[in-house]
Amino acid sequence: MVTKKVKKTVKPAKKTVRNASSSDAGKEIKEIAKEVVSEKNSFPGKYFYGLGKRKTAVAQVRIYPASSSNIEIIVNGKEIEKYLTIARHQDLAKSPFAVAGKEGGFSVSAKIFGGGISSQAEALRLGISRALIKFDESLRRVLKSSGFLTRDSRIVERKKPGKKKARRSPQWAKR
């Protein structure tokens, strides 16, 4: 029996822009591209990376040592006060700096996706904590004792067949 190897070729998808003929659409695309480029270069220089997860939220965090005395946190292109509107979540995200005694001198850039607001705040906290450890290994003991390096791995339980939800059975009637 002879087997033939078949090569599968993947054709690149054509990128089309709707209403490309209008000058307004072209200008908007150029403006968005400029914003993305400026966002990438908003904190030039060496950075320390940390990945934080909580439920289905994932936070990719970069911390940049800065000369200023305050902490600037940018999340998905917005300031933290505009992204995490609840003060409790803002404090939760900034808490690794307070515990480590590094309240000033850092700029943080983070991309967060998935999950809800609370999960995203906790994922951001874990990502900042891991990045701080890469910055200074001696901070591990302080952050570990505060519980900032523990990944909360609880996720939603899957639905089983014959059940209404993960464990909820259908209502039973005797007659």
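The values are calculated or read from the model by the stated rules, or taken from the named source; none is laboratory data. Since this is a predicted model, take the numbers as computed values, not measurements. Cβ sites come from the backbone with ideal geometry, for glycine too, and all protein chains shown count toward neighbours.
A few remarks follow.
- Where a residue in the range 150-172 is on the phi < 0 side of the Ramachandran plot and its partner, wherever it lies, is acidic (Asp, Glu), with Cβ under 6 Å and at least six apart: Ala166/Glu157
Yes or no, residue by residue, for (1) of a type outside the set (D, E, K, R); (2) out of contact with any helix residue (DSSP H, G or I) (no Cβ under 6 Å at 6 or more places or on another chain); (3) more than 15 Å from Lys94 (Cβ to Cβ); (4) surrounded by 11 or more Cβ atoms within 10 Å (Cβ to Cβ):
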{"residue": "Ile128", "(1), (2), (3), (4)": "yes, no, no, yes"}
{"residue": "Glu137", "(1), (2), (3), (4)": "no, yes, yes, no"}
{"residue": "Leu149", "(1), (2), (3), (4)": "yes, no, yes, yes"}
{"residue": "Lys159", "(1), (2), (3), (4)": "no, yes, yes, yes"}
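- Check on Ile133, touching a residue at least 12 places away in the same chain (Cβ under 8 Å) and within 19 Å of Val75 (Cβ to Cβ): no
- Near pairs, Cβ below 7 angstrom, 6+ apart or cross-chain, from the range 57-81 (closer than 12 Å to Ala121 by Cα and touching a residue at least 12 places away in the same chain (Cβ under 8 Å)) to any residue that is of a type in the set (S, T, N, Q) and surrounded by 14 or more Cβ atoms within 10 Å (Cβ to Cβ): Ala57/Ser119; Ala57/Gln120; Ala59/Gln120; Ile80/Gln90
- Filter result for Val17 (under 19 Å from the mean Cα position of the chain (by Cα), over 18 Å from Leu132 (Cα atoms), of a type in the set (A, V, I, L, M) and modelled with pLDDT under 90): no
- Residue in the range 153-173 that is part of a loop (DSSP other than H, G, I, E, B) and under 19 Å from Ile63 (Cα atoms) present: no
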